1. Outside the structural domain of Leu174 (by TED's automatic domain parsing), at pLDDT 95 or above and among the acidic types (Asp, Glu): is that true of Glu431 in this structure?
2. Are there strands (runs of 3 or more DSSP E) fully within segment 367-435 with at least 1 residues that are surrounded by fewer than 19 Cβ atoms within 10 Å (Cβ to Cβ), touching a strand residue (DSSP E or B) at 6+ places or on another chain (Cβ under 9 Å) and of a type in the set (S, T, N, Q)? List them.
3. How many residues, within segment 50-106, are among the acidic types (Asp, Glu) and under 23 Å from Phe485 (Cα atoms)?
4. Out of everything in segment 584-630 that is of a type in the set (Gly, Ala, Ser) and not in a loop (DSSP other than H, G, I, E, B), what residue ends up being nearest to the chain's Cα centre (by Cα)?
5. Being of a type in the set (S, T, N, Q) and in contact (Cβ under 8 Å) with a residue 40 or more places away in the chain narrows it down to one of Asn279, Asn262, Asn210, Asn222, so name that one.
6. What are the pairs with Cβ atoms under 8 angstrom where one residue, in segment 457-479, is more than 13 Å from Ile607 (Cβ to Cβ) and assigned by TED's automatic domain parsing to the domain that holds Asp536 and the other, located anywhere, is assigned to a loop (DSSP other than H, G, I, E, B) and among the polar types (S, T, N, Q)? Sequence gap at least six, or different chains.
7. Please specify each residue of segment 483-525 satisfying the condition of being acidic (Asp, Glu) and at pLDDT 95 or above.
8. Here is a list of conditions, (1) crowded, with 21+ Cβ neighbours inside 10 Å; (2) in a strand (DSSP E or B); (3) of a type outside the set (S, T, N, Q), and His260 meets all of them except one; can you say which number that is?
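The values are calculated or read from the model by the stated rules, or taken from the named source; none is laboratory data. Because the structure is a prediction, the values reported are computed rather than measured. Neighbour counts run over all protein chains shown; Cβ positions are idealised from the backbone, glycine included.
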Amino acid sequence: MGLQKELEAKNLDGVIRELTENPSCIDDVTEKGVPLALYAAELGDFSIVKYIVEYSRASMNTVDENHRNILHYAAASGNLEMNRYLVEKVGMDITAGDGKCVTPYQIAYERKDEKLLSYYKERTGASYEGMYHNPIRCGMFPDPSIVRVGEDYYMVNSSFIFFPCIPVSHSRDLIHWEIIGHAITDPQWAALDELEGGRGYWAPDISYDNGKFYVTATYRLNDTGTVYRKQIVVSSDRPEGPYSKPAVIDEDGIDPSIFHENGRHYMLLNRGARILELNDDCTKQISEAKLLYYGDQKRAPEGPHLLKKDGYYYLFLAEGGTGMGHRISVARSKTLMGNYEPCPYNPIMRQMDEGAAIQRCGHGKPVCTQNGEWYMVYLCGRMIGDGYSMLGRETALDPISWTADGWPVVNGLKGPSVLQKKPDLPVWMPEEEPDIGWNPKWMTPRAPEPEGIRFLSSGIRIKGSRFPLRDVAAKNILLQRQTSFCFTAETELVIPGLTGGQEAGLVCYYDENTWVCLAVCRENSYYIQVKEHIGDKDVLHERQMLPCDCSGKKISLKVETEYLKRRFTYRLQGEEKHIAAEIANVYYLCDEGIHMGKRFTGAMTGIYAVAGEHKLYADFFNFIYQDIEA
């Protein structure tokens, strides 16, 4: 009959016969590509699954093309006895994620399988509602640094050339966050105008000492001079700011952090961890930098953070580069200046499963809750297609446990979690963000012109940039982070009176080198067009002509996204909806898509206008970005 048919007939004797005669047939797959061992679990016959586990050649590391393992299929079957066996005897993980971060726990929850949910709760110590999902911050939130003050938690992330610079976020439960301010909000202090995409403000750190918050970051310049990197420090007595004018520390390196002890202040920098002392207000360097420790793996050691606990100084480092080999290691010393002893459990965080959804995990900083629980925030990336991290580097959270010999390990050395028990903190949700006005989701590549973006009572007025989107000098491009692989973004534009070469519309943006837009344009007449810009090339899609009297009319512009696909549509006031273009693969809207300049950010979407040599004001209404569950 064949193994698959015996499985479907739930004939254990037939399964035994097939596997005895042809042991390798357990590695076969169904027409839908499901390995037969997993298919057996989905069919729900426990006696057959038990035989396959204990007597066949099946590997319990087997996954399907969506990275689902045998427990995912067992959860879908609803067989409680089988699930117990796979969890307790085989050691399968209830919280393991597939290629879309779906876990067996989620499958049981969506099936409303009360018996299985009760068992999973017993094993994990939390109901499904008592769990949180990684990443905790989706979209471009890389290089996290965290500090707790009382019951409040504050986080900063890299902003690169985007303005305002260095978002400062707040939480009370470590899971839900809101941006409450920025470390640099003055365009003159930001000094971004000449910087290429991927430069700007790298890897900030936030700390607190004696009633004051300090934010430090690397200011990364273009590669056109002899100095590429400087450090900046700002301070404020309020976490949301306003912060002081950036003080510049002329010490080369990246990823600064500040360690405060007994009224003294120290800055740490890569490579490895070098340490220098700062003055009383952290605005000047007052000692030479000295190497504390170079790292465990000794490849690209960066992101140093110091923690003092139980008589030890613990030095956390990011290593391996910010790609697939990224990791966190730790060393310790009885004295600040060392020598530092590496942890025998290093790396204490690394993704070892190359097929898992969450990758490139590293650059972490620990925090202790008011209840004495320890957690690590760290960066991660989720891949789609041929390894494209479309959303950029995101922020994840996992618990830290301390070994009997006093070493911190993250998530039991199992790598990043997809689903994890919530911290023992009160439930907290941020306030609703305003529908109109400059809310914290908005940002611009470099600072906008004065009056370049105006939030009116009914919409947004954008002053057209003199320079096109492909130019570093382009201004007034208003963007939000892409926070899901599937989303829609739409807006209404009052078609302005355009002159030749002018345009206004909707854009999916990464940097000046890679973007795709849906725009109303004009040469001899009005038309709408989708244009992709990839490196130094423009890919123009077919123009669709608009009526010559369309100026002053509203036109709805929309992009629908499904992973790498983009579908652009428009609807002129009083007319039917039209498809402007369908693009199968926007691979270029990510770090890995092309090799040009520094690419460390993430995909965004928003609105813009290009004026050229003449003035142009474009009025947009009802911009709506909405994530869609895949």
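1. So Glu431 does not fit the description; no.
2. Of the strands (runs of 3 or more DSSP E) lying wholly inside segment 367-435, those with at least 1 residues that are surrounded by fewer than 19 Cβ atoms within 10 Å (Cβ to Cβ), touching a strand residue (DSSP E or B) at 6+ places or on another chain (Cβ under 9 Å) and of a type in the set (S, T, N, Q) span 394-402.
3. Total meeting the criteria: 3.
4. In this case the residue turns out to be Gly606.
5. Checking each option against the conditions leaves just Asn210.
6. From segment 457-479, the pairs are Arg470/Asn513.
7. Glu490, Glu492, Glu503, Asp511, Glu512
8. Checking His260 against (1) crowded, with 21+ Cβ neighbours inside 10 Å; (2) in a strand (DSSP E or B); (3) of a type outside the set (S, T, N, Q), the one that fails is (1).
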